[in-house]
Amino acid sequence: MIITHKRLSRRTVLRGLGSTVALPFLDSMVPALSAAARMKEVMPRRFTVMYVAHGYSPGYWLPTTDGPDYELTMPLQPLAKFRDRMLLLSGIDNDVALQRPEDPRGGHGRMVPGFMCGVHAKPTQGVDFEAGISIDQIAADHIGQDTVLPSLQLTLDAIDFAGTCDSGYSCAYTNTLSWRTSTLPLPMQDNPRAVFERLFGDTGSTDPAIRAQRLREQRSVLDSVLEKTKKLSARLGAGDRGRFDQYLQSIRDVEQRMERAEAQSSRELPVVAQPTSIPETFPEYAHLMIDLMVLAYQADLTRVASFMLAKEISGRTFPEIGVPEGFHALSHHGNQPQKKAALAKINAHMTSMLAYFLEKLAASPEGSGSLLDHGVVLYGSNHGDPNRHEPRELPILVFGGHHIKGGRHVRYHDRAQLPNLHVALLNGVGVPVERVGVSTERLALDPLSL
């Protein structure tokens, strides 16, 4: 193999006026060695958690058979393309999140901390909330320290830590997935424009007028680095050039979609304020936020992300799939067939968002594989049957590269505990943790290592 150009640094960025564009992983960043050596290169390891509230509709989610020949139920059918990468787990409980005698009646406040931290959240409506360190932050401490952003926290619901969101529980418990410490919940970001500016804004600039002017004139962040992109492109080989152009087009596509959403907004905002770039429909909104997360991975701006598709007690409706009733209301289905069928449609709608994310990862080349090959994606909820408000028989899906033996439905008959799964998944991306919350062991998932 002959290298005719200089090796690019993995940290190369294109800096312009009010913007900084990091590069995706390119072959030119690999030392000029043999193809075999390239294959052995240690790629960035990534850890993603996608959480959705309100569990699943009983009778619709779980297949009746185990092993590789299980049937794809209706809510799982959007994931058919990734069946060989999917590890479907059942028989997993999370006893630490069960209601205790001294707990208030609220059935949602303790769910997310239980899922993410493996601890029983302190019941409180005040600012003395307490949970534990969440799994994404454990991962960030080990695989997120070499990136600009140790972790990224995204949500599709409005966030507010003030007040009480569930009976006896502070809003801090329902409005975030991430806990930096047991008493420090991290805010989730629900504004695509704010996420975009965090990824591509020039943190060295203190003048908000620069960004405001660019937004008014609808100029891309790429405009300020146009000449630099041309010069860099000329230095790249054919494969890298195509990958680089695709990445730049993805950035511009995201910008254009935010601009359309902003144009549709009827709110009058000050010139330099962040526009409300939230699309009108749930799929458009979810896809835009997912694309931002993938861009952050492509540019190696972060290696850890948590994404809340729906927060606990979310009353969102889904007219685009013919479900006008609120999500939370339907979760209290009372075993009514019509409500259970509507809830199953929402479950399938959510997995279709997951499928979109997996598709984007699989279509993003990196090294000898793709972004999907170099990390773990955990999808789940801390409710089983939401009508019961119990963290039993949780809906858990795991995806990753060839290091995960997918294509299987694994049923645990001894009621495995969720924190033990977290230990296995974190170990799989190189995090040498022995315990998460109340975990007692590493759940058997072999092979699982990167």
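Taken together, the values in this text are just the output of simple stated rules run on the coordinates, not laboratory data. Keep in mind it's a predicted model, so treat the numbers as computed, not measured. Cβ atoms come from the backbone with ideal geometry, glycine included; neighbour counts cover every protein chain shown.
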Tell me which residues come under 5 Å, amide H to amide H, from V376 once H is placed; ignore anything under 5 positions away on its chain. R46, F47, T48
Sum up the charges of everything whose Cβ sits under 12 Å from the Cβ of V119, counting Lys and Arg as +1 and Asp and Glu as -1, but leave V119 out. +1
Give a residue-ordered list of calculated ³J(HN,Hα) values for segment 426-433 (Karplus: 6.51 cos²θ - 1.76 cosθ + 1.60, θ = phi - 60°; whole Hz; x for Gly, Pro). 5, 4, x, 9, x, 8, x, 8
Interchain or sequence-distant (5+) residues whose placed amide H lies within less than 5 Å of the amide H of G16 are V21
Please state, to two decimals, what the Cα-based radius of gyration of segment 341-450 comes to when divided by 2.2 N^0.38 Å (N = residues). 1.16
Peptides ranked, highest mean first, by Cβ atoms within 10 Å: ranges 178-184, 234-240, 190-196: 190-196, 178-184, 234-240
Taking the number of other C-beta atoms within 10 Å as the exposure measure, put E102, E366, E434 in order starting with the fewest. E102, E434, E366
Please express the Cα-Cα pair-distance distribution P(r) of segment 297-393 as a list of whole percents, one per 10 Å bin, running from 0 to the bin with the greatest distance. 13, 38, 26, 18, 4, 0
